[in-house]
Amino acid sequence: RCAMDWQVLTRELSLYLESQVRVGFFGSGVGLSLVLGFGVAYACYYLNSIAKKPQLVASNDRFCRFLEEYCPVVTETYYPTIWCWEGRVQTLLRPFITSRPQVQYRNELIKTADGGQISLDWFDNNDSSYYPDASTRPTVLLLPGLTGTSKESYILHMIHQSETLGYRCVVFNNRGIAGEELLTPRTYCAANTEDLEAVIHHVHSLHPSAPFMAAGVSMGGMLLLNYLGKTGRDTPLMAAAIFSAGWNVFESVESLEKPLNWLLFNYYLTTCLQSSISRHRQMLEKLFDMDLVMKARTVREFDKQFTSVMFGYRSIDDYYEDASPCRKLKSVGIPVLCLNSVDDVFSPAHAIPVETAKQNANVALVLTSCGGHIGFLEGIWPRKCTYMDRVFKQFVQAVFEHGNKIFSM
């Protein structure tokens with residue numbers, strides 16, 4: 001009996017579908033209903049599960065009120081691009097989707113104590129109508145990511161945002177990756193802050209009367225945090241902004257070594273590291289087995305054979321422990337705003353030092369549910385401004401124009 005009923009139902013359904021095809025799927029209204037139904041269901045899911053207000057973690061009530069008033073973007077709902085909100089997708093697409101504002105740099109090479117050189121790219125903003133006096137024009141020092149330079153789209157967007165506010169920018173390019181020659185067999189790492197200290201001292205000495213702050217992205221943010229943890233209040237920087245930092249290097253490399261993440265990010269990043277040093281092979285061969293370095297297939301292998309050896313660590317674990325900013329966060333002595341997405345495979349959510357941040361009145365964490373690594377895309381076609389760009393612009397402006405309200409913390 002049941003089998004006969006099923007056969008009748010199947011036959012009737014088939015006849016119905018055939019009639020719908022003859023009259024036209026959408027013409028009948030069934031197709032349109034299905035599309036509308038799916039659209040409504042997806043919109044409900046997006047609004048309930050994807051679009052959320054970021055979590056603001058800060059123990060200092062004054063800092064919280066300051067951010068709510070002068071950097072309100074950190075308390076507003078973040079609406080990721082509706083068709084690419086997943087972390088990996090945002091990370092992969094951002095470099096291809098976002099525009100690249102035109103920026104004219106002035107390059108400067110400065111010498112270091114060990115005989116090396118560092119390339120700085122200046123955006124002087126001499127046409128600034130808000131700050132026509134160059135001696136007091138606010139200055140933002142920008143630190144790109146692991147293999148990034150002043151040409152990265154996220155750096156160009158930060159400069160564009162600063163330009164509209166009348167500020168000056170200078171980009172700190174790590175040794176050997178911005179086209180300049182290596183004068184010594186040394187590059188850079190997230191733990192060693194000597195070059196950053198030299199750059200900060202140099203920039204401040206050129207404009208001692210200018211308000212001065214810094215912003216670091218990814219490894220640039222890690223380096224900046226490690227510097228701030230080392231110097232405490234003894235720095236000419238007024239404040240700092242950190243974006244997509246890897247807080248615990250052990251957890252970061254473990255996440256990046258998962259099969260899918262290795263395929264999408266780890267192997268490519270390793271080849272970028274190898275490419276950045278291959279041009280200096282003749283200089284580096286004085287100290288390293290470059291053939292072995294070039295065989296690395298993960299960031300961990302590269303760091304084991306190259307980075308940790310270069311900076312004199314006994315083991316890669318010693319290097320990773322020293323490079324992890326989470327271990328120095330308690331010592332940060334100036335206001336710092338840190339933006340991370342909890343779906344960033346470069347910095348897993350469980351490794352973000354929420355409890356440690358609560359113990360330092362100078363630190364505020366802004367955690368979004370989506371955004372990936374340096375992604376934070378928003379809008380239907382996110383070519384221009386990202387959520388990260390808006391956080392940068394509002395916080396930098398807040399510090400330079402209203403900073404006296406938090407510096408008494």
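The values are calculated or read from the model by the stated rules, or taken from the named source; none is laboratory data. Fair warning: this is a prediction, and the values are worked out from it, not measured in the lab. So basically every Cβ, Gly included, is an ideal-geometry build from the backbone, and we count neighbours across all protein chains shown. We work out accessible area using only protein heavy atoms, side chains counted, and drop any ligands, DNA or RNA first. Shrake-Rupley method; radii C 1.70, N 1.55, O 1.52, S 1.80 Å.
Could you rank the peptides 102-114, 299-311 by their average count of other C-beta atoms within 10 Å per residue, with the highest value first?
299-311, 102-114
Roughly how tilted is helix 267-278, in degrees to the nearest 10 and between 0 and 90, from the longest Cα axis of the chain?
It works out to around 30 degrees.
Quick check on my link table: of K52/K328; K111/K304; K151/K393; K304/K358; K53/K328, which ones sit more than 22 Å apart, alpha carbon to alpha carbon?
K52/K328; K111/K304; K304/K358; K53/K328
Highest first, please rank the peptides 252-261, 205-214, 337-346, 43-52 by the mean number of other Cβ atoms sitting within 10 Å of their residues.
Per-residue mean Cβ counts within 10 Å order the peptides as 337-346, 205-214, 252-261, 43-52.
State to the nearest 20 debye the size of the charge dipole of the chain about its Cα centre, where the only charges are +1 on K and R beta carbons and -1 on D and E beta carbons.
Dipole about the Cα centre, nearest 20: 400 debye.
Checking the a/c ratio against 1.5 first, then a/b against b/c, what shape does the Cα gyration tensor give for the range 187-301?
oblate
Nearest 10 degrees is fine. How inclined is helix 2-23 to the longest principal axis of the chain, computing both from alpha carbons?
Here the helix axis deviates by roughly 70 degrees.
Nearest 10 degrees is fine. How inclined is helix 194-206 to the longest principal axis of the chain, computing both from alpha carbons?
70 degrees
Consider just the alpha-carbon atoms of the range 249-323 and return their Rg together with their Dmax, both in angstrom.
Reported Rg and Dmax, both Å: 12.4, 36.
Counting only protein heavy atoms and a 1.4 Å probe, tell me what percentage of the range 249-323's accessible area is made up of carbon and sulfur.
On the range 249-323, the fraction of accessible area on carbon and sulfur atoms equals 52 percent.
Pull up all non-local amide H partners of N107: gap of 5 or more, or a different chain, and H-to-H distance under 5 Å with H placed in the peptide plane.
It is W122, by chain and number.
With just the Cα atoms defining each centre, how far is the range 109-182 from the range 185-263? Give it in Å.
That distance is 14 Å.
What whole-number value in Å² describes the accessible area per residue of the chain for a 1.4 Å probe?
Here the per-residue accessible area is 46 Å².
Mind ranking 133-140, 349-356 by how tightly packed they are, going by the mean number of other C-beta atoms within 10 angstrom, highest first?
133-140, 349-356
At a temperature of 37 °C and a viscosity of 0.692 mPa s, determine how fast the chain diffuses translationally according to Stokes-Einstein, using the Kirkwood radius over alpha-carbon pairs as Rh; express D in µm²/s, rounded to the nearest whole number.
142 µm²/s
State the percentage of accessible surface on the range 146-188 attributable to carbon and sulfur atoms; use a 1.4 Å probe and exclude ligands, DNA and RNA.
The computed percentage sits at 50.
Quick one: if you stick a label point 7 Å off each Cα along the C-beta vector at H202 and E181, how many nm between them?
Here the modelled spin labels are 1.7 nm apart.
Where nothing but the Cβ of Lys and Arg (+1) and of Asp and Glu (-1) is charged, how large is the charge dipole of the range 249-323 around its Cα centre, in debye to the nearest 20?
It works out to roughly 400 debye.
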